[in-house]
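Read-outs throughout are calculated quantities, based only on the coordinates presented, and are distinct from any laboratory measurement. What you see is a predicted model, and the numbers here were worked out from it, not measured in a lab. Note: ideal-geometry Cβ built from the backbone for every residue, glycine included; neighbour counts use all protein chains shown.
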Amino acid sequence: MKIADVRVIQADIPVERPHKMSFTTLETMNFVFVRLETPDGLVGWGEAACLGGPTWSEESSESVAATIERYIAPWLVGREAGEIEPLARELARRVQGNPFARAAVEMALWDLNGKALGVPVHRLLGGRVRDRVPLSWSLAVADHDAEVEEARAKVARGHRIFKIKTAALPLAEDVARVKRLREALGPDVSLRVDANQGWDRSTALKAIRALEPWSLDFVEQPVPRWDLEGMAEIAKRVSVPIMADESCFSPHDALAIARLGGVSILGLKVTKSAGISNTLAIARIAEAAGMTCYVGCMIETSLGTAAYLQVALAAAPVTWGCELFGPLLLKGDVVRDPVRYADGCILGLDRPGLGVEVDEAAVKEWSRRA
């Protein structure tokens with residue numbers, strides 16, 4: 001099963017409402033889609049979603065596309081598509097860093113192999129341990145009244161988990177938001193907080209202690225990604241569990257976090273970890289260290305969401321659910337049948353490959369014009 005053709009497509013899809021985070025306010029998502037094709041016409045797809053440039057990490061959709069087109073695609077043509085692990089390892093040697101670019105290609109390889117064998121990717125990963133994953137909705141609305149109304153509307157539709165984006169506002173205002181949401185939604189709804197690296201050590205400690213009365217499930221990435229020691233220290237001094245996201249890109253990061261102790265949850269994202277294989281490796285390290293996992297997102301279409309979902313279905317330590325809400329926030333999609341949600345969960349996919357069929361006309365519709 002040789003790779004005969006590699007195509008790279010850049011696209012932009014607006015979101016339904018501005019998404020306010022500590023480092024940017026998002027109005028449009030930027031995507032890179034990778035299309036692999038074999039000589040007999042079998043096609044596999046991958047995706048990298050970027051938050052409006054090199055904001056969340058060093059990569060942007062432009063850098064992802066350039067890396068794949070110039071350095072990966074010429075080398076990949078003619079290679080054996082079934083050798084996912086050898087290809088991923090050689091790719092890591094040829095392209096330093098650039099995990100989003102590498103992940104989009106590896107994702108397409110998994111899709112291609114699942115289709116060739118007629119099985120969903122989660123079967124290739126060892127089989128699913130769950131058939132649906134509880135879904136968290138991210139609250140990142142500038143207007144506080146609108147934020148409460150959005151949460152209430154989601155509860156009416158079955159949502160029971162919300163993650164509140166913080167650190168873009170003064171601490172007192174964030175604490176007031178969380179208090180207001182808890183009072184509006186009641187004690188049976190799960191609330192989580194994500195600072196996206198927005199606090200320093202002292203602010204993070206003060207913030208988490210101020211938020212403790214509102215029964216949070218966890219606080220995500222309270223300090224900058226490089227401050228592993230600070231995050232571990234804070235985790236040991238508060239009662240709310242702490243989750244590492246931006247600090248945990250690779251299996252090496254996961255091992256370093258586990259050794260320091262304190263942090264009890266690792267956030268999994270296929271693109272930040274250069275693919276499905278590395279993401280599962282992180283989950284295994286978490287499990288061995290007595291930690292648990294949560295599957296995050298970069299606001300993917302149903303294509304990228306399906307890839308993340310394969311991991312969420314197959315990785316046993318994913319006990320905190322996921323935030324695979326991208327298709328619900330985007331104004332458009334690129335598949336014929338979007339991923340499905342019910343009763344506050346995203347439902348498992350059992351069709352071959354990643355489990356979704358890309359609509360190439362829709363990809364063209366959203367493609368970036370030169």
Query - Cβ-derived FRET efficiency at R0 25 Å, Val129 paired with Ala256, nearest 0.05 - result: 0.40
Requested in this report: Could you line up Glu183, Glu83 from fewest to most neighbouring Cβ atoms inside 10 Å?
Outcome: Glu183, Glu83
**Report entry** Angle between the chain longest axis and helix 99-117 axis [Cα atoms, degrees, rounded to 10]
**Finding:** 60
Requested in this report: List the extent of the Cα atoms of the chain along each of their three principal axes, largest first, rounded to whole Å.
Outcome: 60, 41, 39
Requested in this report: Working from Cα positions, state the angle (0 to 90°, nearest 10) between the long axis of helix 84-94 and the longest principal axis of the chain.
Outcome: 80
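If you place +1 on the Cβ of every Lys and Arg, -1 on the Cβ of every Asp and Glu, and leave all else neutral, what size is the dipole of region 1-115 about its Cα centre, to the nearest 20 Debye? Intermediate values should be presented prior to the final figure.
Working: 12 positive and 17 negative charges, 33 e Å.
Here the size comes out at about 160 debye.
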Query raised in the report: Which angle from 0 to 90°, rounded to the nearest 10, does the C-alpha axis of helix 171-185 make with the longest principal axis of the chain?
Result: 90
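Let's see if you can work this out: charge +1 on each Lys and Arg Cβ, -1 on each Asp and Glu Cβ, no other charges. What is the dipole magnitude of region 105-184 about its Cα centre, in debye to the nearest 20?
With only Lys, Arg, Asp and Glu charged at Cβ, the dipole is about 480 debye.
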**Report entry** Positive-end residue of Ala244, Val77, Trp137, charge dipole of the chain with Cβ unit charges
**Finding:** Ala244
Report summary line: Once the dipole of region 123-347 is set up from charges on Cβ (+1 Lys and Arg, -1 Asp and Glu), the residue from the list Trp226, Ile208, Gly275 lying farthest towards its positive end is Gly275
Query raised in the report: With a Cα-only, solvent-free Debye model of region 234-325, what are the log10 I(q)/I(0) values at q = 0.14, 0.18, 0.23 Å⁻¹?
Result: -0.43, -0.70, -1.10
Query raised in the report: Roughly what % of DSSP beta bridges within the chain run antiparallel, to the nearest 5?
Result: 55
Report task. Give me the lysines in straight-line cross-link reach of Lys236: C-alpha distance below 16 Å, same-chain residues under 8 apart excluded. Result -> Lys206
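Hey, what number do you get for the chain at 222 nm if only DSSP H runs of n ≥ 4 count, each worth -39500 (n - 2.57), divided across all residues, to the nearest 500?
Details: 14 runs with 141 residues, N = 370.
Rounded to the nearest 500, it is -11000 deg cm²/dmol.
Provide His19, His122 in ascending order of the number of other Cβ atoms located within 10 Å of each residue's Cβ, fewest first. Intermediate values should be presented prior to the final figure.
Values: His19 21, His122 25.
Lowest to highest Cβ neighbour count: His19, His122.
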Requested in this report: Would you mind pulling out the separation of the Cα centroids of region 307-370 and region 71-134, in Å?
Outcome: 17
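Return the equivalent ellipsoid semi-axes of region 95-145 as a descending list in whole Å, where each equals the square root of 5 times an eigenvalue of the C-alpha gyration tensor. Could the numbers behind the result be given before it?
Values: eigenvalues 188, 87, 17 Å².
Ellipsoid semi-axes (Å, largest first): 31, 21, 9.
Might you report the magnitude of the Cβ-based charge dipole of the chain about its Cα centre, with Lys and Arg at +1 and Asp and Glu at -1, to the nearest 20 debye?
Numbers: 44 positive and 49 negative charges, 104 e Å.
So the dipole magnitude of the chain works out to roughly 500 debye.
Fewest to most neighbouring Cβ within 10 Å: what's the order for Tyr71, Tyr308?
Working: Tyr71 15, Tyr308 30.
By the 10 Å Cβ count, ascending, the order reads Tyr71, Tyr308.
Percent relative contact order of region 79-212, based on C-alpha pairs within less than 8 angstrom and at least six residues apart?
Values: 96 pairs, mean separation 24.6, N = 134.
Once normalised by length, the contact order is 18 percent.
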Query raised in the report: So, counting K/R as plus one and D/E as minus one, what does the shell of residues with Cβ under 13 Å around Leu260 add up to?
Result: -2
Query raised in the report: Pick from Arg35, Arg340, Arg160: which is most flexible by mean-square fluctuation in a GNM of the chain where alpha carbon atoms under 10 Å apart are linked?
Result: Arg340
Report task. Report the one residue of Ala342, Val155, Leu125 whose Cα lies farthest in the direction of the positive end of the charge dipole of region 123-347 (charges on C-beta: Lys and Arg +1, Asp and Glu -1; origin at the Cα centre). Result -> Leu125
**Report entry** Eligible lysines near Lys115 by straight Cα distance, threshold 17 Å, same-chain separation 8 or greater
**Finding:** Lys2
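Within a Cβ distance under 13 Å of Ala361, other residues only, what is the Lys/Arg minus Asp/Glu net charge?
On the way: positive: Arg336, Lys364; negative: Asp333, Glu357, Asp359, Glu360, Glu365.
Charge balance near Ala361 sits at -3.
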Query - Contact order normalised by residue count of the chain, Cα under 8 Å, 6+ apart, percent - result: 20
Requested in this report: Report, ordered by chain and residue number, the lysines lying within cross-link reach of Lys154, taken as a straight Cα distance under 21 Å and ignoring same-chain residues fewer than 8 apart.
Outcome: Lys20, Lys163, Lys165, Lys179, Lys331
Report summary line: Here FRET efficiency (C-beta to C-beta, Ala342 to Tyr71, R₀ 45 Å, nearest 0.05) is 0.60
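To check you understand DSSP bridge types, tell me what percent of the beta bridges within region 250-370 (both residues inside) are antiparallel, rounded to 5. Don't jump to the answer; show the numbers that get you there.
Details: 3 of 9 bridges.
Beta bridges within region 250-370, antiparallel portion: roughly 35 percent.
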